[in-house]
Amino acid sequence: MKRSIKGRKTVTGIAVLTLLSVFGSGCGTFADKPAGEDLGLALAGMDGSDGVTFEGSALLMLGSQAVPHTSLYYGGKMVDHSKVSLHSLLPDKSGLSQAASQAGQQMLEHEGASAPYYSQLEKKDGQWAVLTSEPAAGIVNPLPSLNPVKQLEELENLEKTVTEEPGYSRTSRVLRIELSPAAAKQQLTDELEREMAALRPAAGKGGGEEALTAFWEQKEQELKAKLAGTNVKSVYKLTIDAKRNLPRQLNWTRTVQDEDGAGAPGGETFVNEVKFYGYR
């Protein structure tokens, strides 16, 4: 997780580990309401809550194999509608998958569990700003990109199709939210541009800084060229508390594949799962 852009080959990895995305069209219904309307009610319910606690896990995969050192387990809370804190957790073997657990354990053994990630964010003028981010400079912190409140908020305005998942119960509903190909690709592009901007060398004097800036510019152009030739598929599954219309769990899978069929079979997949509880 060091602040470096050297040697990354995957689309999301060229910048950094991208584990750090209301009334959409819907064709399924439950409880006599369109699926898109249920999404809108759930997002409004989250927005109206004073606070909530959450725990999640994220993983990057090439084909069916987890990319080493990319699994991350995290927890946090939202308070006062607009303040979110996140922190890394030790991997739970009963979590996302066995592969994710093993990858997470490898990450901690490789990088050391003595320097956990921590971040505080606050929404100001409609934008989430990072107030505190640990570890210190020189280490890329993936947690701000995993803010689940922001992820849910983004779904309100992205072009998407919302349908119901079969088999819901009296206590919960599951919505399947698929972004349009254009929206999914733009979402990824925006994320990577922000990550690349954060990695841009600071202005300075001397040949060292100039060489590093030239290297950054080269990698930025490579990233843009790579993205131009990819297909992006982004699917969310949102479990909603049927009684209170509040998000209970969010699963997000984003797959990136080269248009020419090159790259890993099955493409590169980012998998994120977060559970919400303790609403206030």
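Please treat every number below as a calculation from the coordinates, not as lab data. These figures come from a predicted structure and were not determined experimentally. Note that each Cβ is placed from the backbone with ideal geometry, even for glycine, and that neighbours are counted across all protein chains shown.
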Centre separation in Å (Cα based) which lies between the stretch 164-204 and the stretch 43-70: 11 Å
Would you mind computing, in nm to one decimal, how far apart the modelled labels at residue 210 and residue 253 are, each placed 7 Å from Cα along Cα→Cβ? 5.0 nm
Between residue 171 and residue 260, what is the FRET efficiency for a Förster distance of 41 Å, r being their Cβ-Cβ separation, to the nearest 0.05? 0.35
Most to least packed among 123-130, 271-278 [average Cβ atoms within 10 Å]: 271-278, 123-130
Mind giving me the FRET efficiency for residue 132 and residue 199? R0 is 22 Å, r the Cβ-Cβ distance, nearest 0.05 is fine. 0.65
Classify the stretch 208-280: rounded, prolate or oblate, from the alpha-carbon gyration tensor (a ≥ b ≥ c, eigenvalue square roots; a/c under 1.5 rounded; otherwise prolate if a/b is larger than b/c)? oblate
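By how many nm would the segment from residue 157 to residue 65 lengthen if fully extended, with 0.36 nm per residue of separation less the alpha-carbon distance?
29.9 nm
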Determine the alpha carbon to alpha carbon distance for each of 150/233; 124/233; 77/160 and list only those over 22 Å. 124/233; 77/160
Counting sequence-distant residues (5 or more places) and residues on other chains, those with an amide H built under 5 Å from that of residue 246 are 241
Under the 7 Å Cα-to-Cβ spin-label approximation, residue 224 and residue 125 lie apart by a distance in nanometres of 2.7 nm
